[in-house]
Amino acid sequence: MVGGSNTEQGENWFTACVSAGDSDSFFFGEIGGECFSINGNMNIAKRLQKIIAIRNKSSVVNLDEVFQIPEENIWRNALPYEQIPGPTALPILGNNWRFIPYIGPYQIENLDKISKDLYQHYGSIVKIDKLFGRPDMLFVFDPDEIENVFRQEDAMPHRPAMPSLNYYKHVYRKEFFGEDAGVIAVHGEKWQKFRSKVNKVMLQPKITKTYIKPIETIAMEFVQRIDKIRDSNNEVPSDFLNELHKWSLESVAKIALDVRLGCLEDHANPDTQKMIDAVNTFFINVPMLEIRMPFWRVLKNPMIYPAFKTYINALDTIREICMKYVEAALENRNSEEEQSVLQKVLRLDNNTKTAVILALDMFLVGIDTTSNAVASILYQLALHQDKQQILFEELANVLPDKNSEFDERKLDQMVYLKACIKETLRKYPVVIGNGRTTTRDLVIGGYHIPKGVQIIFQHCVISNTEKYFARCDEYVPERWLKSCPYENDVSLSKHHPFASLPFGYGKRMCLGRRFADLEIQTIIAKVCI
Ligand code: HEM
């Protein structure tokens, strides 16, 4: 039994007893004449938090501020890892069979649906264990617990790596990458060394600002291309997403290498389409190789496994094409472009390798992400023409002459546009589940989580759940505005800061975030004005 009192809160502050350890009962109590019941599955910290929340008539309470729970109590009361709910593994087959096509219930292509089913079935913390060739996966559907994990992050957070990319960088093409393999699928001190070097360049607003003009030029070329490829009904072709991939590749190449590839021209260099296809192949194959059939990991020569071979070939294509452009970019270096990412990175350590590897990482994750985000935003605006009209009015106001050039001030004024972007990324996050591998034992959701477990933060499910976002099925950009027109509807304008994190959080958050924001804002504004 745990009890306590708080002098500031008065006599009826804590007349509740909380029993610890009973697992499936409900606990009943009374505070200040108000009855409550708490699920016995909650650990002691959670129960106290709930009591305090009820007492304060508020849903969010910082437990540490109100009530010090000794660290050792949290550990002592944590339930064992084995008790975390989740699908039961079969003998020998474990849980892998669930992802096998036609046999198992989970279609790897529909990870969002699998996540939703798991949440509905098992609750806010779900374990899938006994997976062949990979660590257990712990799905977390509670923003409080996501915050808990992020707040405890150490200096070198470990995002569940793609072992297949790790193999490519550290084994298959070891001679090429050497010790400095970039940031993606790299961990520990190597990651920290590289990331701290390039952070200065990638996340400096001063540098992003110098790209406003070139990114605007590329967006205008894209708008001209839409005019060109539209049919007589004003419809764009069904492979419009590929057109968006061309736009994002063009933009990333300008940012990473100071080059224009001409992707949006009618007779673009075939290498550009090869690069786009290779990036798509890479993303399609990652879940196959990591979850569905990670057999390549036990093969002496994984290249005999066809999916693995396709994947490695795609990575080689990206690397080779990227190298061609890097070499050209280095030869034609324009010393006037002092502020460019390439020039700045080259000056970091006089080592062209850093620029090459960074460019490669940017090509790998900077194409599909922004283009898919833009596709979703345009789609939402097309579906919600009332919101599109509000956006149009804002843009017309900020850019009375629609051909006038963008600048930082004008971009800052486009608050409704930013809200539309946030609202789309809430409903359809590009990265549906970010994650961390525990680097030490933690208590999450009241359970003891050992080191080495892959925690997947289920943002796609969370941000589409009424509990965390009121009217979650609706497209309401207004919820992101400081002066929300629905401010009387507190539930709409208030949300947990860790419920929607489209670019991740903390030391490992998206390295290209500033550029992604600039690219997306610019292209949507140009298309909509
Ligand atoms: C809508 C567009 C984008 C979204 C939603 C997005 C989202 C993310 C997310 C969720 C992460 C993981 C963060 C974490 O672990 O906390 C990430 C990492 C990363 N992103 Fe982005 N991203 C986008 C665009 C870009 C672009 C355009 C670039 C490059 C120009 C880029 C480069 C990177 C890199 C290099 C990392 C790895 C960082 C590290 O591990 O240290 N991203 N991104």
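Going by the conditions given, is Arg508 more than 14 Å from the ligand (Cβ to nearest atom) and touching a His at 6+ places or on another chain (Cβ under 9 Å)? The answer is no for Arg508. The set of residues in the range 414-435 that are more than 28 Å from Ser238 (Cβ to Cβ) and at pLDDT below 95 comprises Gly433, Asn434, Gly435. Each residue in the range 419-437 was checked for being surrounded by 20 or more Cβ atoms within 10 Å (Cβ to Cβ) and away from the ligand (no atom under 12 Å from the Cβ), and 3 of them qualify.
Looking only at the range 494-516, residues that are touching a residue at least 60 places away in the same chain (Cβ under 8 Å) and either of a type in the set (Phe, Trp, Tyr) or within 30 Å of Ile226 (Cα to Cα) (or both) come to 9 in all. Reported count of residues in the range 171-196, each being within 23 Å of Glu320 (Cβ to Cβ) and among the charged types (D, E, K, R), is 5.
Report yes if Leu411 is within 25 Å of the chain's Cα centre (by Cα) and within 14 Å of the ligand (Cβ to nearest atom), otherwise no. No. Exactly one residue among Arg297, Arg347, Arg333 is touching a helix residue (DSSP H, G or I) at 6+ places or on another chain (Cβ under 7 Å) and farther than 18 Å from Arg513 by Cα, and that residue is Arg297. The criterion of being away from the ligand (no atom under 16 Å from the Cβ), among the basic types (Lys, Arg), under 14 Å from Thr424 (Cβ atoms) and at pLDDT below 95 does not hold for Arg471. Only residues that are crowded, with 17+ Cβ neighbours inside 10 Å and within 14 Å of the chain's Cα centre (by Cα) were counted in the range 490-513, giving 12.
Residue-by-condition table, conditions (1) within 30 Å of Phe308 (Cβ to Cβ); (2) at pLDDT below 95; (3) away from the ligand (no atom under 12 Å from the Cβ); (4) crowded, with 17+ Cβ neighbours inside 10 Å:
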| position | (1), (2), (3), (4) |
| --- | --- |
| Phe194 | yes, yes, no, yes |
| Ala219 | no, no, yes, yes |
| Ser232 | no, yes, yes, no |
| Ser251 | no, no, no, yes |
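Residue count for the range 139-190 under the criterion of being over 30 Å from Gly445 (Cβ atoms), free of Cβ contacts under 8 Å to residues at least 60 places away in the same chain and crowded, with 22+ Cβ neighbours inside 10 Å: the result is 1. Taking the range 398-417 as the range and being under 21 Å from Val476 (Cα atoms) and surrounded by fewer than 19 Cβ atoms within 10 Å (Cβ to Cβ) as the test, the residues that pass are Asp412, Gln413, Val415. Scanning the range 281-304 for residues that are outside any helix (DSSP H, G or I) and without any contact (Cβ under 8 Å) to a residue 12 or more places away in the chain gives Leu299, Lys300, Asn301.
Cβ-Cβ distances below 9 Å connect the following pairs, each with a first residue in the range 354-371 that is under 15 Å from Leu330 (Cα atoms), a second residue that is more than 8 Å from the ligand (Cβ to nearest atom) and of a type in the set (Ser, Thr, Tyr), and a separation of six or more residues or different chains: Ala359/Tyr325.
Filtered by the rule that a residue be out of contact with any Pro (no Cβ under 9 Å at 6 or more places or on another chain), in contact (Cβ under 8 Å) with a residue 24 or more places away in the chain, more than 21 Å from Arg297 (Cα to Cα) and small (Gly, Ala, Ser), the range 91-138 gives Ser115, Ser124. Before we move on, is Leu261 within 16 Å of the ligand (Cβ to nearest atom), at pLDDT below 95 and within 28 Å of the chain's Cα centre (by Cα)? The answer is yes for Leu261.
Restricting attention to the range 376-397, the residues that are surrounded by fewer than 19 Cβ atoms within 10 Å (Cβ to Cβ) and under 14 Å from Lys526 (Cβ atoms) add up to 2.
The values are calculated or read from the model by the stated rules, or taken from the named source; none is laboratory data. A quick note: this is a predicted structure, and the numbers were derived from the prediction, not measured. So basically every Cβ, Gly included, is an ideal-geometry build from the backbone, and we count neighbours across all protein chains shown.
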